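Right, one structure below, let's go through it.
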Amino acid sequence: MTFNNTVSKNGIVQFAERLCKLGDGGITNDATLFLQFTGDINQAYKKVAMALLRVDKNWKWDDSNYTDFPIATINLVASQRDYTLPAATSGGNASTLYKINRIRIKNSNSEWSELTVMDADEKESDSTGFPTKYRLIGNSVRFNFLPTGITTTGGMEITFQRSLTEFTVASTTQQPGFIDSYHDLLAYDASSAYLMPINTDLADRYTAIFERRLLQLQGDYANRNDDVKRNLNMNIESCR
């Protein structure tokens, strides 16, 4: 489902017009309302993105609208322990980086080594050495040793999960970057936000649909790769 399709009338915005009983063009022909709905749709998109981050540890979700991989390299400086985490999107800031998946360091022989996370009570060493662990503090990554024996240019690689690519009122063919059979989620949540001060009952109904289908989406994402073995967990319920 594309964001806005005023020809075929099958975009997310057009579905929201129907859900809110605004009529054809009720959103797109009102400049202020169109901007407001675009913001609400983006907010719904972020809810979906955060929900997807929580489900599958084997297949990391990334907005399919991106044309690059969620990987950044950082130059290192000998004996410098602290480094600022990268912005995860072009032109973005620190808030675009949602989650760290892996951090690797390249030694002086251009060989990669994956770092592990330091324990909460583990102290940083004042000695030089090749880093083996890291700690995240605020918007920084810190090594357990003052780094030596490293490759300085592009010597650290961070694999991450990031913010989505937001819609604007100029978006037409852009689609949400997750399974297309669930694109209606964005219209339900945005419509609920619009209707909350007008028709609370209908807003609550749309919220319930959004939450139910969001759980279904999480379940489908958790089972996308048949090669990954999973354990069957059974819930025992009392019949009394």
- Note on the structure: When restricted to 16, 31, 87, 44, the only residue among the small types (Gly, Ala, Ser), closer than 20 Å to residue 168 by Cβ and in contact with an Asp or Glu (Cβ under 7 Å, 6 or more places away or on another chain) is 44
- Of all residues in the stretch 121-150 being of a type in the set (Gly, Ala, Ser) and in a strand (DSSP E or B), the one that is modelled with the lowest pLDDT: 140
- Selection count where residues are out of contact with any Leu (no Cβ under 6 Å at 6 or more places or on another chain), touching a residue at least 24 places away in the same chain (Cβ under 8 Å) and over 25 Å from residue 100 (Cα atoms), scope the stretch 170-184: 8
- Query: Is at least one residue of the stretch 85-103 within 23 Å of residue 140 (Cβ to Cβ), at pLDDT 85 or above, in contact with a Pro (Cβ under 7 Å, 6 or more places away or on another chain) and surrounded by 12 or more Cβ atoms within 10 Å (Cβ to Cβ)?
  - Reply: no
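Conditions (1) closer than 16 Å to residue 195 by Cα; (2) more than 22 Å from the chain's Cα centre (by Cα); (3) among the basic types (Lys, Arg), marked per residue:
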| position | (1), (2), (3) |
| --- | --- |
| 1 | no, no, no |
| 7 | no, yes, no |
| 11 | no, yes, no |
| 18 | yes, yes, yes |
| 22 | yes, yes, no |
| 26 | yes, yes, no |
| 30 | no, yes, no |
| 33 | yes, yes, no |
| 39 | yes, no, no |
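Answer yes or no as to whether residue 13 is of a type in the set (Val, Ile, Thr) and under 16 Å from residue 178 (Cα atoms). Write out each step before concluding.
On the way: of a type in the set (Val, Ile, Thr): yes; under 16 Å from residue 178 (Cα atoms): no.
No: the conditions fail for residue 13.
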- Going through the stretch 146-166 in order, the residues found to be under 21 Å from residue 101 (Cα atoms) and not β-branched (Val, Ile, Thr) are 154, 155, 156, 157, 160, 161, 162, 163, 164
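Being outside the structural domain of residue 112 (by TED's automatic domain parsing), closer than 24 Å to residue 208 by Cα and at pLDDT 90 or above is the requirement here; does residue 2 meet it? Break it down into steps so the answer makes sense when it comes.
Details: outside the structural domain of residue 112 (by TED's automatic domain parsing): yes; closer than 24 Å to residue 208 by Cα: yes; at pLDDT 90 or above: yes.
Taking the combined requirement at face value, the residue satisfies it.
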- What residue, among those in the stretch 188-215 that are exposed (fewer than 13 other Cβ atoms within 10 Å of the Cβ) and under 22 Å from residue 54 (Cβ atoms), is modelled with the lowest pLDDT? 215
- Taking the stretch 105-142 and keeping only residues that are of a type outside the set (Ser, Thr, Tyr), within 26 Å of the chain's Cα centre (by Cα) and surrounded by 15 or more Cβ atoms within 10 Å (Cβ to Cβ), one is left with 105, 115, 118, 133, 135, 141, 142
- Filter result (in a loop (DSSP other than H, G, I, E, B) and under 20 Å from the mean Cα position of the chain (by Cα)) within the stretch 172-194: 174, 175, 176, 177, 178, 179, 183
- For the stretch 30-50, does any single residue satisfy the condition of being among the β-branched types (Val, Ile, Thr), in a loop (DSSP other than H, G, I, E, B) and within 30 Å of residue 158 (Cα to Cα)? no
- Message: Could you tell me how many of the residues in the stretch 1-29 are hydrophobic (A, V, I, L, M, F, W, C) and assigned to a loop (DSSP other than H, G, I, E, B)?
- Response: 6
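In the stretch 81-99, is there at least one residue being outside the structural domain of residue 38 (by TED's automatic domain parsing) and more than 26 Å from the chain's Cα centre (by Cα)? Show your work before the answer.
Start the filter on the stretch 81-99 by keeping residues that are outside the structural domain of residue 38 (by TED's automatic domain parsing), which leaves 81-99.
Narrowing further to those that are more than 26 Å from the chain's Cα centre (by Cα): 81.
Within the stretch 81-99, one or more residues are outside the structural domain of residue 38 (by TED's automatic domain parsing) and more than 26 Å from the chain's Cα centre (by Cα).
The values are calculated or read from the model by the stated rules, or taken from the named source; none is laboratory data. Since the structure is predicted, the reported quantities are computational estimates derived from the model, not experimental observations. Counting neighbours? That spans all protein chains shown, and the Cβs are built from the backbone with ideal geometry, glycine included.
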